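In what follows, a structure is listed as structure tokens, so that the remarks can point back to it.
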Amino acid sequence: MTNGSALTRAAVSNFQPSSHAFAFTNAFPRQPVLRVPVPGLGSIPIGDASRGLCGGMIYAVRDMFEFGVAPPAAPTPPDPDSPLYRYIVRRLFDSFDGPRGVLRYYRLMSSADADTDLVRGWLRLPGATSASVAREWPHIRHDLDRGLLSPLGIITTRSADPMRLGLNHQVLAYAYEQRGRRVTLRVYDPNTPRWQSDDVTLSFDVLSPVPDTAPRAHLSPRTPLTSVPLVSSAGIEHTIAIGGRPVRAFFRSRYRRTDPRPALAWPRDVGRAPRFR
């Protein structure tokens with residue numbers, strides 16, 4: 001990591017999507033995500049894999065990296081009856097973090113983009129973009145400064161319709177560079193082909209509270225950062241393969257690692273498994 005007023009950067013040592021992520025992209029055929037056996041009704045299909053398994057893919061990539069095992073070399077998505085497919089699906093549901101995680105997507109997706117003035121010219125309610133930067137960037141940076149991959153939920157649409165939750169996306173941050181207030185994250189995007197996968201970025205401006213000269217008489221020590229007026233919009237730009245949709249907001253997802261080796265048909269003795277170099 002390089003420190004200084006002009007430039008700060010950090011990266012997860014030795015991680016590159018072209019080497020440590022899946023060789024296949026998030027392009028599964030139209031098939032159920034899973035089938036649930038129901039007595040008297042048989043096997044009930046749930047979901048549509050063609051809409052993407054991005055969360056499962058990024059969690060699996062972090063699992064493999066942390067356990068020190070190489071990803072499978074297959075250039076096509078796994079068969080739906082394979083252990084690898086079932087593992088990716090299980091990690092997809094893990095990435096949603098239950099009702100709490102789904103609610104985070106919905107709240108950001110249904111929020112306004114721009115900040116809302118509560119007290120004209122002084123106090124604002126941050127919109128989805130500035131709120132996510134103020135709350136989530138410190139957590140993402142903390143991960144990367146410690147050499148940890150950081151999974152991100154990406155908000156790509158604005159809607160109060162929960163049926164549109166599937167339009168959102170997930171990526172895995174592995175490096176950042178900050179020049180002044182401008183931050184550029186390097187991310188693994190499951191939608192991007194492997195030969196382009198090392199060049200995917202997400203950039204935004206770090207937002208700052210108003211200067212100390214602004215009146216704060218009504219702010220208590222417990223006032224959350226997001227209730228303090230912010231200087232400007234975050235100016236999010238990206239090269240993520242999401243069909244030209246914008247990134248309106250993002251958040252760091254909660255991650256708990258899972259041993260990927262059983263799904264990869266490798267022995268539990270990591271010393272005998274293919275290793276990262």
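Below are the figures for this structure:
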quantity	calculated
Leading residue by the ranking (modelled with the lowest pLDDT) among those in the range 74-106 that are assigned to a helix (DSSP H, G or I), of a type outside the set (D, E, K, R) and more than 21 Å from SER132 (Cβ to Cβ)	PHE93
Complete set of residues in the range 153-188 that are of a type in the set (Ser, Thr, Tyr) and more than 13 Å from ARG248 (Cα to Cα)	TYR174, TYR176, THR184, TYR188
Qualifying positions in the range 79-92 - closer than 15 Å to ASP63 by Cβ and either in contact with a helix residue (DSSP H, G or I) (Cβ under 8 Å, 6 or more places away or on another chain) or among the aliphatic types (A, V, I, L, M) (or both)	LEU84, TYR87, ILE88, VAL89, ARG90, ARG91, LEU92
Only listed residue being assigned to a helix (DSSP H, G or I) and touching a residue at least 12 places away in the same chain (Cβ under 8 Å), chosen from ILE154, ILE140	ILE140
Residue that is surrounded by the fewest Cβ atoms within 10 Å (Cβ to Cβ), among those in the range 158-184 that are within 11 Å of the chain's Cα centre (by Cα) and of a type in the set (A, V, I, L, M)	ALA173
Total residues in the range 48-73, condition surrounded by fewer than 16 Cβ atoms within 10 Å (Cβ to Cβ) and either modelled with pLDDT under 95 or touching a strand residue (DSSP E or B) at 6+ places or on another chain (Cβ under 9 Å) (or both)	5
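The values are calculated or read from the model by the stated rules, or taken from the named source; none is laboratory data. Please read all numbers here as calculations on a predicted model, not as lab measurements. Glycine gets a Cβ as well: all are built from the backbone with ideal geometry, and neighbour counts include every protein chain shown.
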